[in-house]
Structure formats: C-alpha cells, structure tokens
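Have a look at the structure below before the remarks.
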Amino acid sequence: MAETTLAGHPSSIAFIGGGNMASAIVGGLLRAGRDPASILVVDPGEAQRTALQAEHGVRTLAKADATLAGAAMVVWAVKPQIFQQAAAPCAAHVSRALQLSVMAGIRTDAIARATGSQAVVRAMPNTPALIGQGMSGLFARDGVSAAQRSAVEQVLAPTGQLLWVAEERALDAVTALSGSGPAYVFYVLEAMMAAAEAMGLSAEEGKALALGTFAGATALARQSPEPPSVLRERVTSKGGTTYAALTSLEEDGVKAAFVKALQAAQRRAAELGDEFGAA
C-alpha cells in the first residue's frame, strides 16, 4: 500500500523549524518551480508560521503530528540546543524519510538515533543562501543512496554552491570556514568602512568602495588560475602603499590571529556535537 503523502505529493518535504535558513531553502525551492502545497513547515511560533504562509503559501503546523508521515524528506532547521526536544514528537512519523540537517554541530549518529532513519545527510549552509549565493558543505551517511544524494542536491542547489566532504568531522572545519565565514567578511568590511571615515571619506563612500573592492577581488580570485597569494603579490610593490598596509598587518599578527579564530570556531562546532548530540 502506498504511503500517505502531504497534499498528494510523493516528494513532499517537511521542515522542522521555520527560521531564516528554512525560509531561504523554501524560497529557493519555490523559485525552482516546486508546488508550495508539497512543503510543510512545523514551527511553534505563530508569527513565523503566519509569515511563511503569507510569503510562500506553504502549509504550516504548530506542532508535529501524523501529517509528517507523508514526507519523503525531513529538513531539520532548528537550533542545535533544542534538537532533542524538537525531534521527540516527530520520531514516530519520520523514520522512513530522508533526513537533511542544516543544524550546526549535531552529528548524523544523533540524528539517526532520534529519528530512526539511517538515511541522514548533514549540510552546513551559510547566510548568503538567503539570496541564492550560499556555500554549503555536505556529508552523507552510508545509508544514503545515490538517488537520495541527488534529491538533497536538488533541494539545496537554489541556495548556492555545494561541496560534498568524505568525512563527517570535516564539517566542523566547514562550519568554521564557510558557515561562520560571512561574519568574518562583514567584520573586515566594518573595519574598512571605519577606516574610510577616519581618513575623511563619507560613510556612503566608504561602503561603496569596500563592497566594490570585496566583490571585485572575490570575482578575480574565482576566475584566476593563480592562488590568492600570487594575486596578492601582483598588487604589492615593495615600498608602495599596499606593502605598507600588509607589513602593518603582518607586524600585528593578523593572519595568525585569523587562523586561530577559525580554529576556535572549529572547536566550538565539535563541542556543539558533544553537548547537544547525545541521545
């Protein structure tokens, strides 16, 4: 007997949590042509559910119920601190579904135990997914088929670029590098804009120059076959202005501090798995 499906859709997707990342993925799916009737979002927040219904036209629930049994894929998009609490009422209904997690830190073993499904994929997206310019690292357990990996790619492709990793522990580094990475970029942009004002430019001028420089340099690095170190050397004449700035950064240990900061983020990602991933 065929299993029950949401609104009659055999490829229905249920999101547990309806925050920014879930909304970004839902928006990408709808832009790619998915029927909103095939999407269900479970979120206890009335305001969040109302916003999702108004913006995307998807179905919503305040709490999990048997409707989840019709989902071919369940996307976990809650904060890692509340995963176990959120999973408890879902477990009886989702064991036959492919599980896709976009939570930081929670390991696939914990998700498999909490859901009863061995078909688990972890994804670590970042906030540019909101505009389709994200970068997501992905890991699949052995219980995930090639067809299921393809289904995950189809769901996440509208959010940006995807990169599969062979070992789950690599996702802690992905989290540190690209998951948290937009904040580092914004941090540098803040510094550049503050410096612009300190040097006599207006806030608007500083923002335009900083954003334009970041966008252009990133595009050049993406298109060039040369590594960033070579590109940097090409604009650094000894005794020139760029040389003066980079020498100052090196004297202050900025590169070493940056590497140390990313390692701190990697450790914290591992700690989240230890703290919140237990059964």
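Remark: Gln266 matches the filter, which requires a residue to be outside the structural domain of Val78 (by TED's automatic domain parsing), out of contact with any Gly (no Cβ under 9 Å at 6 or more places or on another chain), of a type outside the set (Phe, Trp, Tyr) and surrounded by 11 or more Cβ atoms within 10 Å (Cβ to Cβ). Taken together, the residues in the range 188-225 that are touching a Leu at 6+ places or on another chain (Cβ under 9 Å) and farther than 18 Å from Leu249 by Cα amount to 8. Residues in the range 26-51 that are of a type in the set (A, V, I, L, M, F, W, C), within 25 Å of Thr115 (Cα to Cα) and within 22 Å of the chain's Cα centre (by Cα): Val26, Leu29, Ile39, Leu40, Val41, Val42.
Looking at the structure I just gave you, is Leu177 crowded, with 16+ Cβ neighbours inside 10 Å and either outside any helix (DSSP H, G or I) or modelled with pLDDT of 95 or more (or both)? Give the steps one after another, and end with the answer.
Numbers: crowded, with 16+ Cβ neighbours inside 10 Å: yes; either outside any helix (DSSP H, G or I) or modelled with pLDDT of 95 or more (or both): yes.
Criteria met by Leu177.
Answer yes if at least one residue in the range 247-267 is more than 30 Å from Arg31 (Cβ to Cβ) and of a type in the set (Ser, Thr, Tyr), and no otherwise. There is at least one residue in the range 247-267 that is more than 30 Å from Arg31 (Cβ to Cβ) and of a type in the set (Ser, Thr, Tyr). For the structure I just gave you, tell me whether Glu197 is at pLDDT 95 or above, in a loop (DSSP other than H, G, I, E, B) and either surrounded by 12 or more Cβ atoms within 10 Å (Cβ to Cβ) or of a type in the set (Val, Ile, Thr) (or both). No, not satisfied. Of all the listed residues (Ala256, Ala261), the sole one being more than 30 Å from Ala87 (Cβ to Cβ) and surrounded by 12 or more Cβ atoms within 10 Å (Cβ to Cβ) is Ala261. Residues being closer than 19 Å to Gln266 by Cα and aromatic (Phe, Trp, Tyr) are represented in the range 138-149 by at least one member.
For beta carbons closer than 8 Å, sequence separation of 6+ or different chains, a first residue in the range 72-99 that is part of a loop (DSSP other than H, G, I, E, B) and a second that is surrounded by fewer than 17 Cβ atoms within 10 Å (Cβ to Cβ) and of a type in the set (S, T, N, Q), the qualifying pairs are Ala72/Thr5; Ala72/Ser11. For the range 72-92, a residue qualifies if it is over 22 Å from the mean Cα position of the chain (by Cα) and within 15 Å of Ile111 (Cβ to Cβ), and the qualifying residues are Ala88, Cys90, Ala91.
Looking across the range 75-105, just one residue is of a type in the set (A, V, I, L, M, F, W, C), touching a helix residue (DSSP H, G or I) at 6+ places or on another chain (Cβ under 7 Å) and surrounded by fewer than 19 Cβ atoms within 10 Å (Cβ to Cβ), and that is Ala91. Residues that are of a type in the set (A, V, I, L, M), outside any helix (DSSP H, G or I), crowded, with 24+ Cβ neighbours inside 10 Å and modelled with pLDDT under 95 occur in the range 106-115; there is at least one.
Quickly run through the range 230-260 and pick out the residues that are assigned to a helix (DSSP H, G or I), without any contact (Cβ under 8 Å) to a residue 60 or more places away in the chain and within 30 Å of Arg169 (Cα to Cα).
Selection gives Val254, Lys255, Ala256, Ala257, Val259, Lys260.
The values are calculated or read from the model by the stated rules, or taken from the named source; none is laboratory data. Computed from a prediction, not measured in an experiment: that's the story for all the values here. Every residue, glycine among them, receives a Cβ derived from its backbone with ideal geometry; neighbour counts consider all protein chains shown.
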